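See structure below.
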Amino acid sequence: MNSTIAMITFRSMLGRRRALLLLLLPAVLLLLAVALRALGENDLEISAGLLQRFGLATLLPLLALIAGTGVIGPEIDDGQIMYVLTKPIPRRVVVLTKLAVAIVLVTVFAAVPTLLAGLLMNGMTERMAPAFAVGMLVGGVAYSAVFVALAVVSRNAVTIGLLYALIWETLLGSFAPGAKSASVQQWALSVTDSLTGASTVTSTVGLPIAVSLLILLPVAATLLAVVRLRSLSVASAE
């Protein structure tokens, strides 16, 4: 990991416009949690539904999309990435640094607010709040790696990622039986299910398969991003 690249990337991502985008969805989640607690509609079933359908299925992929594509996509689009590629920095270090920044952002703006929302609604009942926070974290790593790779591979990463997040993960990943097993959301939910005793939290994907895929997908996506970034520099030099 390169500290200079990380610092520059954090500064860019936390600029006024992007910071507002990163804050909007977690703020809505926390407001909904406060409202449910105030109205007394915060039993485990309702709370789990909010954390799963809004948190895991909507907030997480959208925030990961903003973070994953934002850490490297704009630099590739405007050519600034070439300044980094001309330095004696291995391409894998560039990709891993960008990915690390995206994961930190997803942790701060998705996993932490989810933990707080769960604690606001139910405290530590059935360990549901920390379970969802861990699920958000492992899912966030997978999503971030996919979206960083997508940003390196395509100039239309945001559009493709948005379609993927909204159609595949949010809609098909929640309801279509065949798509569930190929959904990061369901893999993360499987981890969440294993950490909480709440019967309302269930996943259609077994834990061993989910953990294996949550490891393999980020590794494959990161390798793809490294390979593509290397060819990008060669093509530019030619």
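The values are calculated or read from the model by the stated rules, or taken from the named source; none is laboratory data. Only a predicted model underlies this, so the values are computations on that prediction, with no experimental measurement involved. Positions of Cβ are generated from backbone atoms using ideal geometry, with glycine treated the same way; all protein chains shown enter the neighbour counts.
Of note:
- Restricting segment 111-149 to residues that are under 8 Å from the mean Cα position of the chain (by Cα) and not polar (S, T, N, Q) leaves a set whose member that is surrounded by the fewest Cβ atoms within 10 Å (Cβ to Cβ) is Leu137.
- Boolean, Gly79 is farther than 29 Å from Leu171 by Cα and free of Cβ contacts under 8 Å to residues at least 40 places away in the same chain: yes
- When Gly70, Gly15 are checked against the criterion of being touching a helix residue (DSSP H, G or I) at 6+ places or on another chain (Cβ under 8 Å) and small (Gly, Ala, Ser), a single residue qualifies: Gly70.
- Among (1) surrounded by fewer than 16 Cβ atoms within 10 Å (Cβ to Cβ); (2) among the charged types (D, E, K, R); (3) in a helix (DSSP H, G or I), the one test that Lys87 misses: (3)
- Cβ-Cβ contacts under 8 Å between residues 6 or more apart (or on different chains), taken from a first residue in segment 207-227 that is touching a residue at least 60 places away in the same chain (Cβ under 8 Å) and crowded, with 18+ Cβ neighbours inside 10 Å to a second residue that is among the hydroxyl-bearing types (Ser, Thr, Tyr) and part of a helix (DSSP H, G or I), are listed as Pro218/Ser144.
- For segment 18-47, residues that are within 19 Å of the chain's Cα centre (by Cα), loosely packed, with under 14 Cβ neighbours inside 10 Å and over 30 Å from Pro90 (Cα atoms) total 3.
- All positions within segment 28-45 that are in contact (Cβ under 8 Å) with a residue 60 or more places away in the chain and part of a helix (DSSP H, G or I): Leu29, Leu30, Leu32, Ala33, Val34, Leu36, Arg37, Leu44, Glu45
- Which numbered condition Val108 fails, given (1) of a type outside the set (Lys, Arg); (2) in contact (Cβ under 8 Å) with a residue 40 or more places away in the chain; (3) assigned to a helix (DSSP H, G or I): (2)
- Output for segment 184-202, where each listed residue is surrounded by fewer than 24 Cβ atoms within 10 Å (Cβ to Cβ) and either over 14 Å from Leu137 (Cα atoms) or out of contact with any helix residue (DSSP H, G or I) (no Cβ under 7 Å at 6 or more places or on another chain) (or both): Asp193, Ser194, Thr196, Gly197, Ala198, Ser199, Thr200, Thr202
- Put simply, of Leu105, Leu22, Leu56, Leu99 the only residue that is at pLDDT below 90, touching a helix residue (DSSP H, G or I) at 6+ places or on another chain (Cβ under 6 Å) and under 21 Å from Tyr143 (Cα atoms) is Leu22.
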